[in-house]
1. If we only count helices (runs of 4 or more DSSP H) wholly inside the range 108-226, which ones have 2 or more residues that are among the aromatic types (Phe, Trp, Tyr) and at pLDDT 95 or above?
2. Report whether or not ALA24 is surrounded by 14 or more Cβ atoms within 10 Å (Cβ to Cβ) and within 27 Å of the chain's Cα centre (by Cα).
3. Suppose the filter is buried (at least 17 other Cβ atoms within 10 Å of the Cβ), over 25 Å from ALA3 (Cβ atoms), aromatic (Phe, Trp, Tyr) and at pLDDT 90 or above; does PHE100 pass it?
4. Can you tell me which of TYR138, TYR129 is surrounded by fewer than 20 Cβ atoms within 10 Å (Cβ to Cβ), aromatic (Phe, Trp, Tyr) and out of contact with any strand residue (DSSP E or B) (no Cβ under 7 Å at 6 or more places or on another chain)?
5. Scan the range 175-202 residue by residue and report those that are open to solvent by less than 20 Å² (accessible area, probe 1.4 Å) and in contact with a Phe, Trp or Tyr (Cβ under 6 Å, 6 or more places away or on another chain).
6. Could you run through the range 351-388 and say how many residues are at pLDDT below 90, touching a Leu at 6+ places or on another chain (Cβ under 9 Å) and more than 18 Å from GLN335 (Cβ to Cβ)?
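The values are calculated or read from the model by the stated rules, or taken from the named source; none is laboratory data. Predicted, not measured: the structure shown is a model, and the values here were computed from it. Glycine gets a Cβ as well: all are built from the backbone with ideal geometry, and neighbour counts include every protein chain shown. Side chains included, ligands, DNA and RNA excluded: accessible areas come from the protein's heavy atoms. Shrake-Rupley method; radii C 1.70, N 1.55, O 1.52, S 1.80 Å.
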Amino acid sequence: MTAYQISDLVSGLKSRHAETRHKAIRELLHFARTDLREMSQDALTQVLDDFNQHIHALTSSYDNNEKKAGILTIVCLIGGDTETTKTRLNRYAQYLRNIFPSNDVSILELAAKTMGRLAVSLGVKRGEYVELEIKRAYEWLSEERSESKRLSAVLILRELAIAMPSYFYQHIGGFFNNIHSALRDPKEQIRELAAKTLRAAFVVMSQREQPDQSNKVHWYSECYEEAMTSFSDNTIRERGLSRDEHVHGALLILNELLRCSNAAWEKKYTMLMQKLDTEQDVSDEMLSLSSKMHNSWTPQSLEEKHTAVGIYESSVCRKLIVEKYEKIASEVMAQQISRSHSVHQMLLLIIPRLAALNREAFSKKHLKSTINHLITFLRGREKEKAMAFTTLGLVCVAVECDIQIYLGRIIEIIRLTLPVKDVPKKRNGTDTPLFNCVTLLGFAMKEDVANEVKELL
């Protein structure tokens, strides 16, 4: 392969057009899996040297498209055949290392995922590499606040927890000593990304839990206490943080503790969301658009199973959350009076989990206020309706026949929201969540709601 052909391939990766980028990714992966393996040692050295020059120039560029192209080149080369590129892995690690810190989340996510992939490929040096990156991330979280460093740290830690769980677990104490600064960050996006990292850490812990490991409860307790103090009006607030921002961080933590305490519900929830084929990404349910990765920049090689966080339950965490259930439920439900959009979004995610963990207690004390709260949303603004309909359906699934006494009101609000024939198409943004709600209601109540659903249809 000539230097010109290499340049041509790499320029395709820089394109602003997704189709051109995907074509270049496919071609480079194919090249790495076939031609690269068959070259003589001298030719291989020359080609990899040429690629190195391109990667160095691209990852050092101030242009974001070029930076991404540099990262994608590394992905393709290590995705093709680690044997032919193994002598270059340390160099690739250095190129990736220099990308951090940055404020561009799409670049950071791509670079962090690639870092996880690279760590897996490093062989005997992987432990040293993971330790170096984890320690740097902890330093960034413990230093005086820098937005780019906190963003970088939480994304690196999440990907290393997913890709290298055993090595990550060796540093778990340091993780819990440092993650809370990001969960209390003034920027909503950083708090949400930190919660995803917390989820990955909980999975690592759950996978390694032994029956006699009740001493591990202090990490879950620490997170619980951190969340509960944020609801108090006497809390000493972080500089520049409002009460609502503190509460949002607390709800993020409780959401992850609840998720880690009830695998049966999480599996049912995932199955239902996949059946509904909603646009909501089940594994990545923070709906802040700004934190979503630009999928067109993600080659298929980065979308394999190891990039997703699995569903695991911690018996230690469950015991703690069941014990504290009433206190948690009361504090969470008290936040319904908040006017913060981000707090309401979190309530819509957390309420079905609360209902599922202790159906009897939830139905007795909190179901009525939940239905009233959700109906208020359903009569409100369009953008809030969509998620509220899905939440209402999930609550019906969680509490099953206990929803019976509210069935009339729910059917009525659905009937009132149904689209009218002559309504312009652009207004019908809530139609899919509305029909999802009907589907979930049918799943929960089965024949008990057959006549009502028939009428609606």
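1. 126-142, 165-169, 172-183
2. No; evaluated as a whole, the condition is false for this residue.
3. yes
4. TYR138
5. PHE176, ALA201
6. 4
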